[in-house]
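What follows is one structure encoded as structure tokens, with my remarks underneath.
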Amino acid sequence: MPSITQLPENFKALIADLGIEFDEGDVQQLANYLDLLLETNKQFNLTGIKEPEEAWTKHILDSLSLIPTLVKEGAQHVVDVGSGGGLPGIPLAITLPDVTFTLVETTRKKALFLSDAVEQLGLDNVTVIAERAENLSTKDGGFRGIADAVIARAVGPLNVLLELTIPFAKIDGVVLAIKGERAPIEVEEARKALHVLKAEVESSVRTTTGTVLTIRKNEATPKKYPRLAGEPKRMPIGKGEKR
């Protein structure tokens, strides 16, 4: 098996294509994170990817594809919804040390891994919260309308994801969703949710590893959203919901 610190042959070129320049120590920190992720994955499931070379591309490069937009937006506080094994939040926190990140993860075992990883990597710009997104972004949840950007990767279809993410964002803030080839279909299926949640898809950009959707929050989220925990997934906006 290749060393965790051995970068794929074209990795640096792909990073350069994104306009990203690593600071000293970034690559080693990213390698340290991947080592923690892949080692812990042997104990319980954090990722289906087990080979370091594949992880550098499908996890690290995919996560860092959000940097150009975060920099353009001047984001200072970012919320990672459904962070799982720390993607995309931790690689971004390593490479953007002046930005604060809140990693939201429902599954306690995964949240404990995230907390341990943050401590071992010395990431003082990261906070981990083991809670459902729906509970945090209500009127009394403490996190409503506080983020310049909300990020998510592999959290579910867009018509569900929007209700879990948009309430965290400030007005004129963005949700950045990393999607796959079905992104155009998901956008079409989420048109009702976008309308109801006062947001619009501003851009859809294909990258080497996926599609980055930038969704702009235009107005305050209606008070009834998010609904109770589990409801967005059980009954996505626009599918059977009565108004």
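The values are calculated or read from the model by the stated rules, or taken from the named source; none is laboratory data. From a predicted model like this one, the values you see are computed outputs, not experimental measurements. Note that we place each Cβ from the backbone using ideal geometry, even for glycine, and neighbour counts take in every protein chain shown.
Below, the figures for the structure above:
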| quantity | calculated |
| --- | --- |
| Residues of segment 137-163 satisfying the condition of being of a type in the set (A, V, I, L, M) and within 21 Å of A93 (Cα to Cα) | I146, A147, A149, V150, I151, A152, A154, V155 |
| Output for segment 167-191, where each listed residue is under 14 Å from T221 (Cα atoms) and either not hydrophobic (A, V, I, L, M, F, W, C) or not in a helix (DSSP H, G or I) (or both) | P167, A169, K170, I171, D172, G173, V174, V175 |
| Count - residues of segment 1-58 that are touching a Gly at 6+ places or on another chain (Cβ under 6 Å) and part of a loop (DSSP other than H, G, I, E, B) | 2 |
| Single residue of segment 95-117 satisfying the filter (part of a helix (DSSP H, G or I) and more than 16 Å from the chain's Cα centre (by Cα)) that is nearest to F22 (Cα to Cα) | A117 |
| Contacts under 9 angstrom Cβ, first residue in segment 153-179 being on the phi > 0 side of the Ramachandran plot, partner among the hydrophobic types (A, V, I, L, M, F, W, C), 6 or more apart | A154/L87; A154/I178; G156/L164 |
| Residue list for segment 91-124, filter: at negative phi, surrounded by fewer than 16 Cβ atoms within 10 Å (Cβ to Cβ) and not aliphatic (A, V, I, L, M) | P97, D98, T107, R108, K109, D116, E119, Q120, D124 |
| Where a residue in segment 89-100 is under 9 Å from D26 (Cβ atoms) and modelled with pLDDT of 95 or more and its partner, wherever it lies, is outside any loop (DSSP other than H, G, I, E, B) and aliphatic (A, V, I, L, M), with Cβ under 9 Å and at least six apart | I94/L30; I94/L121; T95/L30; T95/L64; T95/I67 |
| Every pair of residues 6+ apart whose Cβ atoms lie under 6 Å, when the first sits in segment 211-227 and is closer than 25 Å to L18 by Cα and acidic (D, E) while the second is modelled with pLDDT of 95 or more and buried (at least 19 other Cβ atoms within 10 Å of the Cβ) | none |
| In segment 137-166, the residues that are assigned to a loop (DSSP other than H, G, I, E, B), among the basic types (K, R) and either within 21 Å of L66 (Cβ to Cβ) or modelled with pLDDT of 95 or more (or both) | R144 |
| Of the criteria (1) in contact with a His (Cβ under 7 Å, 6 or more places away or on another chain); (2) in contact (Cβ under 8 Å) with a residue 12 or more places away in the chain, which one D23 fails | (1) |
| Single condition G238 does not satisfy, out of (1) closer than 23 Å to P68 by Cα; (2) surrounded by fewer than 19 Cβ atoms within 10 Å (Cβ to Cβ) | (1) |
| Residue match in segment 71-82 (condition: in contact with a Pro (Cβ under 8 Å, 6 or more places away or on another chain) and either in a helix (DSSP H, G or I) or among the small types (G, A, S) (or both)) | no |
| Leading residue by the ranking (nearest to Y225 (Cα to Cα)) among those in segment 130-144 that are touching a Ser or Thr at 6+ places or on another chain (Cβ under 8 Å) and surrounded by fewer than 21 Cβ atoms within 10 Å (Cβ to Cβ) | R144 |
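To keep it simple, each residue is scored yes or no on (1) touching a strand residue (DSSP E or B) at 6+ places or on another chain (Cβ under 6 Å); (2) more than 23 Å from L92 (Cβ to Cβ); (3) among the hydrophobic types (A, V, I, L, M, F, W, C).
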residue: D172; (1), (2), (3): no, no, no
residue: E189; (1), (2), (3): no, yes, no
residue: E200; (1), (2), (3): yes, yes, no
residue: K233; (1), (2), (3): no, yes, no
residue: P236; (1), (2), (3): no, yes, no
residue: K239; (1), (2), (3): no, yes, no
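Here's the yes/no breakdown for (1) surrounded by 15 or more Cβ atoms within 10 Å (Cβ to Cβ); (2) closer than 26 Å to G156 by Cα; (3) under 14 Å from the mean Cα position of the chain (by Cα); (4) not hydrophobic (A, V, I, L, M, F, W, C):
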| position | (1), (2), (3), (4) |
| --- | --- |
| N41 | yes, yes, no, yes |
| T47 | yes, yes, no, yes |
| E51 | no, yes, no, yes |
| V79 | yes, yes, yes, no |
